Amino acid sequence: MPPPAAHPAAPATLPDGITIEPIGAFKDNYIWCIRDSAGRAVIVDPGEALPVLDAFRAGGLSLVGILLTHHHADHIGGVAELVRTLGAVPVHGPVDERIAEATARVRDGDRVVIAGLGEGGLAFDVLEVPGHTSSHVAYHGHGVLFSGDTLFSVGCGRMFEGTPPQMSASLDRLAALPADTRVYCGHEYTAANITFARAVEPGNAAIDEWSRRVDQLRASGRPSLPSSIGIERATNPFLRCADTAVARAAAEHAGRSLSGPVEVFAELRAWKNTF
Ligand code: ZN
Ligand code: FE
């Protein structure tokens, strides 16, 4: 694959007839299903097989590919049974021996092309975003982002295998995508994340506005997702570490002065872990 600079910009919108729907899994995971009007579908992070098989049977869908963001079982646990039941398809995933099920390894700057979906196919650029895990990737194209457990709405993943400089650099990369990019993440954590964001930044009106919308969506049984990069920049404390109010709140919680956005990020992440 050529380096990222050789790519023209990622396609800006989804082609007509392509939709993205959630398949709920476990307690609060989302398996995202990208489908066309002919019933061909790609799924993202199938942590379990049964809800996918149910959705495919109900919708008369056929599987053409799988995208994986990271090695955690709640994101890859269903892959083996799905390809056994629905047939072998390309399984795109990061370079990590813990993801034995991947058949097509992806690296930063790669473009994953899914020819079998829609009339012209779909294409997603791969961004390596380490921090939650060491080999976590995100997929971006057609104005949408699959961020796995790196970026949540109004939050971010725990740093199981990364450092604050790594995780904050990964979040910065995602935050730099166009504001109207729709964000599809791996878990429904938005409402709880908003509670934390309010503790950090009680005066942020964008959080109140997003919170009202999230409450409406959840009350009607719908996911709070997708969010957007614009909403995240305005509400997500982990993307706002350079903001004066966020930095002040983090320093107050730490009980010492913090030197710069990465230290602010580290303090916020530690704070959230025990919130
Ligand atoms: Zn995870
Ligand atoms: Fe997860």
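The values are calculated or read from the model by the stated rules, or taken from the named source; none is laboratory data. What you see is a predicted model, and the numbers here were worked out from it, not measured in a lab. We place every Cβ from the backbone using ideal geometry, glycine too, and count neighbours over all the protein chains shown. These area figures cover heavy atoms from the full protein model, side chains too; ligands, DNA and RNA do not enter into them. Shrake-Rupley method; radii C 1.70, N 1.55, O 1.52, S 1.80 Å.
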task: Determine if the stretch 154-161 includes at least one residue that is touching a residue at least 12 places away in the same chain (Cβ under 8 Å) and over 30 Å from residue 201 (Cα atoms).
output: no
query: Which of the following residues is open to solvent by less than 10 Å² (accessible area, probe 1.4 Å), more than 17 Å from residue 147 (Cα to Cα) and within 16 Å of ligand 1 (Cβ to nearest atom): 129, 79?
result: 79
- prompt: Scanning the stretch 13-66 for residues that are within 18 Å of residue 101 (Cα to Cα) and open to solvent by 50 Å² or more (accessible area, probe 1.4 Å), which turns out farthest from ligand 2 (Cβ to nearest atom)?
  reply: 50
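Counting residues that are hydrophobic (A, V, I, L, M, F, W, C) and within 21 Å of residue 226 (Cβ to Cβ), which strands (runs of 3 or more DSSP E) fully inside the stretch 1-73 reach at least 3?
On the way: elements: 19-25, 29-35, 40-44, 62-67.
Here the list reads 19-25, 29-35, 40-44.
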task: Filter the stretch 162-188 for residues that are under 25 Å from residue 248 (Cβ atoms), touching a residue at least 40 places away in the same chain (Cβ under 8 Å) and either touching a strand residue (DSSP E or B) at 6+ places or on another chain (Cβ under 7 Å) or among the aliphatic types (A, V, I, L, M) (or both) and give the result.
output: 167, 171, 174, 175
message: Condition (residue is crowded, with 17+ Cβ neighbours inside 10 Å, modelled with pLDDT of 95 or more and within 14 Å of ligand 2 (Cβ to nearest atom)) applied to the stretch 162-183: is it met by at least one residue?
response: no
- line: Looking across the stretch 224-271 at residues that are touching a Pro at 6+ places or on another chain (Cβ under 8 Å) and surrounded by fewer than 20 Cβ atoms within 10 Å (Cβ to Cβ), the single one that is nearest to residue 142 (Cα to Cα) is 242
message: Take residue 118 and tell me if it is touching a Pro at 6+ places or on another chain (Cβ under 7 Å), buried (at least 20 other Cβ atoms within 10 Å of the Cβ) and part of a loop (DSSP other than H, G, I, E, B).
response: yes
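Out of 88, 102, which single residue is surrounded by fewer than 16 Cβ atoms within 10 Å (Cβ to Cβ) and part of a loop (DSSP other than H, G, I, E, B)? It would help to see each step written out before you state the result.
Details: 102 fails: surrounded by fewer than 16 Cβ atoms within 10 Å (Cβ to Cβ).
So the residue among 88, 102 that is surrounded by fewer than 16 Cβ atoms within 10 Å (Cβ to Cβ) and part of a loop (DSSP other than H, G, I, E, B) is 88.
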